[in-house]
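**Q** Submitted below is the structure of interest, expressed as structure tokens.
The values are calculated or read from the model by the stated rules, or taken from the named source; none is laboratory data. In this text, all values refer to a predicted model and were calculated from it rather than measured experimentally. Note that we place each Cβ from the backbone using ideal geometry, even for glycine, and neighbour counts take in every protein chain shown.
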Amino acid sequence: MPLNVKTRRKRGIRMAVTLLSGLLPVLLGLAILYMQAERALKQSTEQTAEEAIRQFELMLDNTAQAARELLPLAGQNCNDVKLALREQVTRRPFVRSTNLLWDNTIYCSSLFGDVQEASVSGDYSKGALLLMKGNPVTPDTALLVYRLSKEKQGAMSTLDGYHLTNVLRLIGRKTVLLLQVGPHWLSADGKFHEGAVPAFAVAQTRLESSRYAFSVAAGFPEGETWRFMSSEYPPLFSLLIFFGVISGVIGHFVQKRSSAPSNEMRRALEAAEFIPYFQPVVHGDNKKWSGAEVLMRWNHPKEGLVRPELFIPFAEHSGLIVPMTRSLMQQTAEWLAPVSSSFEGAFHIGINITASHCKDLELVEDCRQFLAAFEPGAVSLVLELTERELIEPTTITHQLFEQLHALGVMIAIDDFGTGHSSLGYLRQFNVDFLKIDQSFVAMIGVDALSRHILDTIIELSAKLDLGIVAEGVETTEQSDYLTARGVNFLQGYLFGRPMPGADFINALSHH
Ligand code: C2E
Ligand code: CA
Ligand code: CA
């Protein structure tokens, strides 16, 4: 069934929207947290790199100081200066060995005394710093060599890779830290590498020392952002889920509200589900059909025929009653115009109008269009305004009623006797008919007081020269009573129930 498919699809869409409105804040929050985490990690690697630079510079300061003090000794006999070399090693922290050079040749070492080894300054980064894999004494421990030269004189001091590795490990506890000197670099596991420094997937930072020829690279491996989030943000995650649930629930209810009665009625209006039923109104004397009251029905696809009491209040509340009444008038004209030639005299067509329809002059145009569908004089349009919701007299309403009367449209006060309209009110709006409420008619022969009110209304309408219609006439006793008192028009199940257009036209031809 198409209706089922449609509602199932609608339910699917509604569920998807609920899910989406729940997920959206969660996803958005996650994105913000992700960016926040990336920023925090970047900040952390920057701080770590700065701290590492500071530590390495501090070590190199000691190393450089040793070289500076030894430089003037370069050129002297190794035996004479050997002790001075060893003194620097013992006095200066981090310094592992010292050497003297003459003309790019190491000739004296704190470890071995006299040596003979070429050392080209071009191997050194900026002529001053060289990271080595090891030396013959400790081939597996990296060394950082600091070299100072002045003409043919040269002094060197070496820093043990153990200290460097310690700094890399201790400072970059969570961060991966690397020390780079020229084409060589050292990782926290103490390994010496050659070539380009690997790129980090997360929060990559590179910092160069402003004082020595080395740089530090810091960063995190792939997936660190999520790891960081899952360790730092669990309370925020719970908050996100909380907001997600709240937002999902709100989304659900907003949708539910949008599928409220007024929306269902808007759909029904577009689907032309509001249709007119016609109930005959007869002449009091000869009981011939003098017209009909148009009563709205909702031809609901699932609920069947719905009576107006159940939906008119919603229609009034949502303002849909105006387009609904307009549609009802159009349909009425479509039903009755083709048979209007068979009418004997002006056929009365009663349309129920709510007070909200009288707020502007739109109603005049609606009536004009309705009347234009008929031959002039074929019908007489009667607008039924219930006495229970009286229209407030304003300039607009006065204009409205003047223009309606000018069009030949008549006004009836519906449910008369149940409200409290005054004589002044009846005069002010130039009322043409009173419709006695069926509750009074039902009391004929039952309740003396109600009958008394009924008699008074009939007398009053005669004095005011108003036409009078009695509704809800179900028995001949009621009919006879009203006819005896000169009530002009009668309406009720005794003469005909409200019926669909086709039935009404069919029945009309028999009257
Ligand atoms: P109403 O204007 O007083 O309409 C008369 C009501 O009495 C109708 O009920 C009609 O079916 C019912 N009725 C007619 N003869 C008898 C009878 O002999 N005995 C009994 N017991 N009832 C009878 P319905 O059609 O259910 O309409 C109820 C109310 O809904 C109407 O009362 C009117 O106030 C409102 N209504 C109906 N159609 C429209 C419409 O198009 N626009 C507006 N604004 N209101 C409408
Ligand atoms: Ca009515
Ligand atoms: Ca009534």
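**Q** For the stretch 397-448: of the residues being of a type in the set (D, E) and touching a Lys or Arg at 6+ places or on another chain (Cβ under 7 Å), which is farthest from ligand 3 (Cβ to nearest atom)?
**A** Applying the filter and picking the extreme gives D414.
**Q** For the stretch 413-438, which positions are assigned to a strand (DSSP E or B), out of contact with any helix residue (DSSP H, G or I) (no Cβ under 9 Å at 6 or more places or on another chain) and closer than 16 Å to L482 by Cα?
**A** K435
**Q** Could you tell me whether any residue of the stretch 440-449 is crowded, with 20+ Cβ neighbours inside 10 Å, within 16 Å of ligand 2 (Cβ to nearest atom), under 22 Å from I349 (Cα atoms) and at pLDDT below 95?
**A** Yes, the stretch 440-449 contains a residue that is crowded, with 20+ Cβ neighbours inside 10 Å, within 16 Å of ligand 2 (Cβ to nearest atom), under 22 Å from I349 (Cα atoms) and at pLDDT below 95.
**Q** Considering only the stretch 303-401, give the strands (runs of 3 or more DSSP E) lying wholly within it that have at least 1 residues that are away from ligand 1 (no atom under 14 Å from the Cβ) and surrounded by 16 or more Cβ atoms within 10 Å (Cβ to Cβ).
**A** Counting at least 1 such residues, we get 347-353, 379-386.
**Q** Here are some conditions: (1) among the β-branched types (V, I, T); (2) out of contact with any Lys or Arg (no Cβ under 9 Å at 6 or more places or on another chain); (3) away from ligand 3 (no atom under 16 Å from the Cβ). T483 meets all but one. Which one does it not meet?
**A** (2)
**Q** Given the condition more than 25 Å from R211 (Cα to Cα), charged (D, E, K, R) and in contact with a strand residue (DSSP E or B) (Cβ under 6 Å, 6 or more places away or on another chain), answer yes or no: does some residue in the stretch 87-106 qualify?
**A** Looking for residues that are more than 25 Å from R211 (Cα to Cα), charged (D, E, K, R) and in contact with a strand residue (DSSP E or B) (Cβ under 6 Å, 6 or more places away or on another chain), one finds none in the stretch 87-106, hence no.
**Q** Just checking, does the stretch 331-351 include any residue being under 22 Å from A470 (Cβ atoms), of a type in the set (A, V, I, L, M, F, W, C), within 16 Å of ligand 3 (Cβ to nearest atom) and modelled with pLDDT of 90 or more?
**A** yes
**Q** Out of L400, L385, L434, L390, which single residue is at pLDDT 90 or above, away from ligand 2 (no atom under 14 Å from the Cβ), closer than 26 Å to M324 by Cα and in the same structural domain as G492 (by TED's automatic domain parsing)? Steps first, please.
**A** Values: L385 fails: away from ligand 2 (no atom under 14 Å from the Cβ); L434 fails: away from ligand 2 (no atom under 14 Å from the Cβ); L390 fails: at pLDDT 90 or above.
Result of the check over L400, L385, L434, L390: L400.
**Q** Return the only residue of G496, G486 being among the small types (G, A, S), at pLDDT 90 or above and within 16 Å of ligand 1 (Cβ to nearest atom). So that I can check it myself, show each step before the final result.
**A** Numbers: G486 fails: within 16 Å of ligand 1 (Cβ to nearest atom).
Of G496, G486, the one residue that is among the small types (G, A, S), at pLDDT 90 or above and within 16 Å of ligand 1 (Cβ to nearest atom) is G496.
**Q** Tell me, which residue of the stretch 457-476 that is more than 13 Å from ligand 1 (Cβ to nearest atom) and not hydrophobic (A, V, I, L, M, F, W, C) is surrounded by the most Cβ atoms within 10 Å (Cβ to Cβ)?
**A** If we take residues in the stretch 457-476 being more than 13 Å from ligand 1 (Cβ to nearest atom) and not hydrophobic (A, V, I, L, M, F, W, C), then S461 is surrounded by the most Cβ atoms within 10 Å (Cβ to Cβ).
**Q** Evaluate the following for R86: is it over 60 Å from the mean Cα position of the chain (by Cα) and outside any strand (DSSP E or B)?
**A** So R86 fits the description; yes.
**Q** Of all residues being within 16 Å of ligand 1 (Cβ to nearest atom) and polar (S, T, N, Q) in the stretch 402-425, which is surrounded by the fewest Cβ atoms within 10 Å (Cβ to Cβ)? Just the residue, please.
**A** The extreme case among them is T418.
**Q** With S21, S97, S44 as the choices, which residue is surrounded by 16 or more Cβ atoms within 10 Å (Cβ to Cβ) and assigned to a strand (DSSP E or B)?
**A** S97
**Q** I've got another one for you. Which members of the stretch 432-456 meet the condition of being within 29 Å of L404 (Cβ to Cβ) and within 15 Å of ligand 1 (Cβ to nearest atom)?
**A** Scanning the stretch 432-456 gives F433, L434, K435, I436, D437, Q438, S439, F440, V441.
**Q** Turning to a different aspect of this structure: Could you say which residue among G127, G134, G113 is touching a Leu at 6+ places or on another chain (Cβ under 7 Å) and not aliphatic (A, V, I, L, M)?
**A** After applying the criteria, what remains is G134.
**Q** All but one of (1) assigned to a helix (DSSP H, G or I); (2) of a type outside the set (A, V, I, L, M, F, W, C); (3) surrounded by 14 or more Cβ atoms within 10 Å (Cβ to Cβ) hold for R257, so report the exception by its number.
**A** (3)
**Q** For the stretch 151-206, list the strands (runs of 3 or more DSSP E) that sit wholly inside it and hold at least 3 residues that are touching a residue at least 12 places away in the same chain (Cβ under 8 Å) and buried (at least 18 other Cβ atoms within 10 Å of the Cβ); which are they?
**A** Of the strands (runs of 3 or more DSSP E) lying wholly inside the stretch 151-206, those with at least 3 residues that are touching a residue at least 12 places away in the same chain (Cβ under 8 Å) and buried (at least 18 other Cβ atoms within 10 Å of the Cβ) span 153-160, 176-181, 184-187.
**Q** Which of the following residues is closer than 30 Å to Y481 by Cα, assigned to a strand (DSSP E or B) and touching a helix residue (DSSP H, G or I) at 6+ places or on another chain (Cβ under 9 Å): V294, V281?
**A** That would be V294, the only listed residue that is closer than 30 Å to Y481 by Cα, assigned to a strand (DSSP E or B) and touching a helix residue (DSSP H, G or I) at 6+ places or on another chain (Cβ under 9 Å).
**Q** I've got another one for you. Has the stretch 267-276 got any residue that is assigned by TED's automatic domain parsing to the domain that holds D503, among the acidic types (D, E) and out of contact with any Ser or Thr (no Cβ under 7 Å at 6 or more places or on another chain)?
**A** yes
**Q** For D415, indicate whether it is in contact with a Phe, Trp or Tyr (Cβ under 8 Å, 6 or more places away or on another chain), within 16 Å of ligand 2 (Cβ to nearest atom) and either touching a residue at least 12 places away in the same chain (Cβ under 8 Å) or farther than 27 Å from Q331 by Cβ (or both).
**A** In short, no.
**Q** Tell me whether the stretch 463-478 contains one or more residues that are within 16 Å of ligand 2 (Cβ to nearest atom), part of a helix (DSSP H, G or I) and in contact with an Asp or Glu (Cβ under 8 Å, 6 or more places away or on another chain).
**A** no
**Q** Enumerate the pairs (first residue in the stretch 474-498 and free of Cβ contacts under 8 Å to residues at least 40 places away in the same chain and farther than 19 Å from H348 by Cβ; second residue anywhere and within 16 Å of ligand 2 (Cβ to nearest atom) and not polar (S, T, N, Q)) with beta-carbon separation below 6 Å, excluding pairs fewer than 6 apart on the same chain, so at least 6 apart or on different chains.
**A** Going by the 6 Å Cβ cut-off, the qualifying pairs are E474/G492; E474/Y493; Q478/V441.
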